[in-house]
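Notes for the one structure printed next.
The values are calculated or read from the model by the stated rules, or taken from the named source; none is laboratory data. Just so it is clear, the model here is predicted, and its values are computed rather than measured. Glycine gets a Cβ as well: all are built from the backbone with ideal geometry, and neighbour counts include every protein chain shown. Remember, those area values only see protein heavy atoms, side chains included, never the ligands or the DNA or RNA. Shrake-Rupley method; radii C 1.70, N 1.55, O 1.52, S 1.80 Å.
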Amino acid sequence: MRQIPVDTNAATVMVAQPPQLKMRDKKTGQVAVDVETGHNLMTVDVLFVMNGNAEVVSVTVAEPDISGELTMGTPVALTGLVARPWENEFNGQKRHGLSFRAVAVTSLAAKAG
């Protein structure tokens, strides 16, 4: 699968929604897990601000790789952020987009204070 590295050096990134368990199947309540480590996967919605543009993106990260208290508005660092193009078909409707995955999400609140 293609992975596109995302450079966050010139961006301001802050938590828009605290981490939540990523569900593999919402009907059964099955939690998504990392294939390599077996750790639960989490999603963190972040506000990504760069060049005067802001967008909320959901970033997937393994649960142990979330550091610090991530409350709304907390500035964060996204280590190893990559975008992955995806495409699927459901009920005859084709859909496509980008998903985002990070090696780690780290609070920068302690460093700023």
Using θ = phi - 60° and Karplus 6.51 cos²θ - 1.76 cosθ + 1.60, couplings along the range 60-70 (whole Hz; Gly, Pro as x): 8, 8, 5, 3, x, 9, 9, 10, x, 7, 10
Amide H partners (placed H, <5 Å) of HIS39, local residues excluded: ASP34
Per residue, in Å², the accessible surface of the range 1-75 once ligands and nucleic acids are set aside, probe 1.4 Å: 68 Å²
At R0 = 30 Å, FRET efficiency that the Cβ-Cβ distance of GLN20 and ASN91 yields, to 0.05: 0.70
Solvent accessible area, Å² - LYS94, 1.4 Å probe, full protein context: 140 Å²
Accessible surface, 1.4 Å probe, highest first, among residues GLU89, GLU36: GLU36, GLU89
HIS39 accessible area, assembled protein chains, probe 1.4 Å, Å²: 80 Å²
For q = 0.20, 0.27 Å⁻¹, Debye-computed log10 I/I(0) when each Cα of the range 15-65 counts as one equal scatterer: -0.70, -0.97
Within straight-line cross-link reach of LYS22, aspartates and glutamates at Cα separation under 13 Å, skipping those fewer than 8 residues along the same chain: ASP34, ASP45, GLU63
In Å², nearest 10: area of VAL6 left accessible to a 1.4 Å probe: 40 Å²
Where SER58, SER107 fall by accessible area, highest first, once all protein chains stay in place (1.4 Å): SER58, SER107
Length-normalised contact order of the chain in % [C-alpha pairs under 8 Å, at least 6 apart]: 28 percent
Apportionment of accessible area to carbon and sulfur, the chain, percent (1.4 Å): 51 percent
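Could you work out the helix-only [θ] at 222 nm for the chain, with each DSSP H run of four or more residues adding -39,500 (n - 2.57) and the total divided by the number of residues, to the nearest 500 deg cm²/dmol?
Working: 1 runs with 4 residues, N = 113.
Value at 222 nm, helices only, nearest 500: -500 deg cm²/dmol.
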Rounded Å value of the spacing that divides the Cα centres of the range 3-43 and the range 76-103: 11 Å
